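Data first, discussion second: the structure below is written as structure tokens.
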Amino acid sequence: MTDVLPLQAAAQTRKKIFVARHALVTRVTHWVNAICIFGLLMSGLNIFMAHPALYWGQSGSDRDPAAFEIGATSSDADTPHGFIRFGDKRFETTGVLGAVRDADGDWHERAFPYWATLPGPRDLGLARRWHFFFAWLFVCNLAAYYLFGLTSGHLRRDLLPNGAQLRPKALLRDIVHHFKLQFPQGEAARHYNPLQKIAYLGLIGIVLPLVALTGMTMSPGMDAIFPWLVDLFGGRQSARTLHFIAANLIVLFIVVHLLMVVLAGPINEIRSMITGKLKILPEETP
């Protein structure tokens, strides 16, 4: 017992130090991507409002059965009732989707709230200009990240999980730690855990390229240059549906990512993505 108390006192008084966590290119491309994705999502919602329905195949119109639809119906009192429909299943969404209030409290038949779209008012032409601007910036920034990740070894060294991390027992242990909010400390905090690696690789290796390619497929100009894109995705409407699904996967990733940042310590995590330095205990560094 006499040895335990001094050790506990020392553990409480030891100071933390800053260690290298994120390279400059990683930090810059991260924040540029964040700006681009929010711009793309908000302008994309404004574009989607021009025809808020999804189809599969080459064509889609009001006469074709939609796999997914956001809409509104008016009652006898001329108050719209919003809904979303998945196939034959319909759900009431008044006040959230389909029928929303403006700043004056008046109801409008509108797929998404004003605060969620760029620009706020329904403007297909301006929304497309915003969308294309952020799309090209996003593609160039993503290409720069891929180039850096491959040439520097960042993708292989930091994001590629090894065989031990992919074992079911290791993945289950990591899942349990997340549910218990037991986040890595010290030296372990300097490295991505298996779930982070899988999530990041899935995002940058599958979801983001899918968003870019399906977006190109919906562009007649790009179809003229790369006509095989339409065949690759089974039609322009199929590409539009996949584009919408991939965008929602990005939203899901962002929500989970922000939640993990808050739970792990937002000041330390955000500071590490701005300055590149993470604060950990000194005796736990190499």
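The values are calculated or read from the model by the stated rules, or taken from the named source; none is laboratory data. This structure is a prediction, so every number in the text was calculated from the model and none was measured. Neighbour counts are summed over all protein chains in view; Cβ atoms, including those assigned to glycine, are modelled from backbone coordinates with ideal geometry. Quick note on the areas: whole protein, heavy atoms, side chains included, nothing else; ligands and nucleic acids left out. Shrake-Rupley method; radii C 1.70, N 1.55, O 1.52, S 1.80 Å.
When only the Cβ of Lys, Arg, Asp and Glu is charged (+1, +1, -1, -1), the dipole of the chain relative to its Cα centre reaches about 1320 debye.
Looking only at the chain, where both bridge partners belong to it, what percent of the DSSP beta bridges are antiparallel (to the nearest 5)?
Values: 20 of 20 bridges.
The antiparallel fraction comes to roughly 100 percent.
Spatially, region 240-277 and region 59-104 are offset by 30 Å when compared through their Cα centroids. Here Arg101 and Leu124 are evaluated by their C-beta separation; at R0 = 22 Å the FRET efficiency comes out at 0.50.
A full extension of the chain between Asp62 and Leu252 corresponds to an added length of 65.5 nm, given 0.36 nm per residue minus the alpha carbon distance. Annotation for region 135-165 versus region 172-207: alpha-carbon center distance of 17 Å. Beyond 23 Å in Cα-Cα separation lie the following of the pairs Lys169/Lys197; Lys169/Lys277; Lys197/Lys277: Lys169/Lys277. In the frame of its principal axes, the chain has Cα extents of 81, 49, 36 Å, reported largest first.
Principal-axis analysis of the Cα atoms of the chain puts helix 4-13 at an angle of about 50° to the longest axis.
Between the listed residues Ala143, Cys36, Gln58, the Cα displaced farthest toward the positive end of the dipole of the chain, a dipole computed from Cβ unit charges relative to the Cα centre, is found at Ala143. Dipole check for region 61-111: with +1 at the C-beta of Lys and Arg, -1 at the C-beta of Asp and Glu, and the Cα centre as origin, the magnitude is about 280 Debye. Applying a DSSP loop filter and a limit of 10 other Cβ atoms within 10 Å to the trypsin sites (Lys or Arg not before Pro) in region 142-226 leaves Lys180.
Treating the angle as unsigned and between 0 and 90°, give the value, to the nearest 10°, between the Cα long axis of helix 168-179 and the longest Cα principal axis of the chain. Computed tilt is about 80 degrees. Ligands, DNA and RNA left out, the 1.4 Å accessible surface of region 61-111 is 48% carbon and sulfur atoms.
How large is the accessible surface per residue of the chain, computed with a 1.4 Å probe and reported in Å² as a whole number?
60 Å²
Using the Stokes-Einstein relation with a Kirkwood hydrodynamic radius computed over Cα pairs, the translational diffusion coefficient of region 214-286 at 25 °C and a viscosity of 0.890 mPa s comes to 157 µm²/s.
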